[in-house]
């Protein structure tokens, strides 16, 4: 009797919507940051895009921060699901850089290291990019394994999603800053037998024609 084929998991990676400080400060894990009106509209649009799929996701997970939970809320409602929290999807711990002005941070001598060789950088009193990548990618693979044969939605943050995509592509961590993940964009992985296939990245259009070649 031939062995059964592995049941793949389709993973929709959603970045949270815009906040009042998007592009201005490095919020990290600081509490109390909510979506702006534009961000709430983006989350509603993401929910509509996922709801129009022929095969609906069967589970939704989100980082425990307010902005990700608020992005997940309309998606969960549209799909008739309850959001489950996954700490592994948290934003990177930026340590002493949390809440700092981005323009001021770009003037630090360490900024070039963050952009060009992130694998060698650890945020002061915070997390390294390597630790963030291991945590976030491991969470995706664990959730995919727990949901074999299903589609799931994971709502996270720009840097963790970029790192997840970089790992799925088999690219070095030092290249992950070349990826762009826009607010409420959706990137999609098909994970089969522990092997990820990247179906789309940073999508803000319809997902109905998404297919693996």
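Mind listing whichever residues of the range 1-24 are farther than 19 Å from residue 148 by Cβ, touching a strand residue (DSSP E or B) at 6+ places or on another chain (Cβ under 8 Å) and surrounded by fewer than 20 Cβ atoms within 10 Å (Cβ to Cβ)?
Of the residues in the range 1-24, the ones farther than 19 Å from residue 148 by Cβ are 1, 14-24.
Narrowing the set further to residues that are touching a strand residue (DSSP E or B) at 6+ places or on another chain (Cβ under 8 Å) leaves 14-16, 24.
Residue satisfying the conditions is 24 alone.
Considering the range 42-160, the qualifying strands (runs of 3 or more DSSP E), each wholly inside and each with 2 or more residues that are under 18 Å from the mean Cα position of the chain (by Cα) and crowded, with 21+ Cβ neighbours inside 10 Å, run over 59-62, 151-156.
Listed conditions (1) outside any helix (DSSP H, G or I); (2) in contact with a strand residue (DSSP E or B) (Cβ under 6 Å, 6 or more places away or on another chain); (3) surrounded by 13 or more Cβ atoms within 10 Å (Cβ to Cβ) are all met by residue 168, apart from (1).
For first residues located in the range 108-125 and without any contact (Cβ under 8 Å) to a residue 60 or more places away in the chain and on the phi < 0 side of the Ramachandran plot, partners that are surrounded by fewer than 12 Cβ atoms within 10 Å (Cβ to Cβ) and not in a loop (DSSP other than H, G, I, E, B) and lie 6+ apart or on another chain with Cβ distances below 8 Å form the pairs 123/96; 124/96. Condition first: touching a residue at least 60 places away in the same chain (Cβ under 8 Å) and in a loop (DSSP other than H, G, I, E, B). Now tell me which residues in the range 15-34 satisfy that. Residues satisfying the conditions are 16, 17, 18, 22, 23, 24, 27, 28, 29, 30. Residues in the range 177-212 that are modelled with pLDDT of 95 or more and not in a strand (DSSP E or B): 177, 178, 179, 180, 181, 182, 183, 184, 185.
The values are calculated or read from the model by the stated rules, or taken from the named source; none is laboratory data. Remember, predicted model here, so these are calculated numbers, not experimental data. Because the Cβ atoms are built from the backbone with ideal geometry, glycine has one as well, and the counts that use them run over all protein chains shown.
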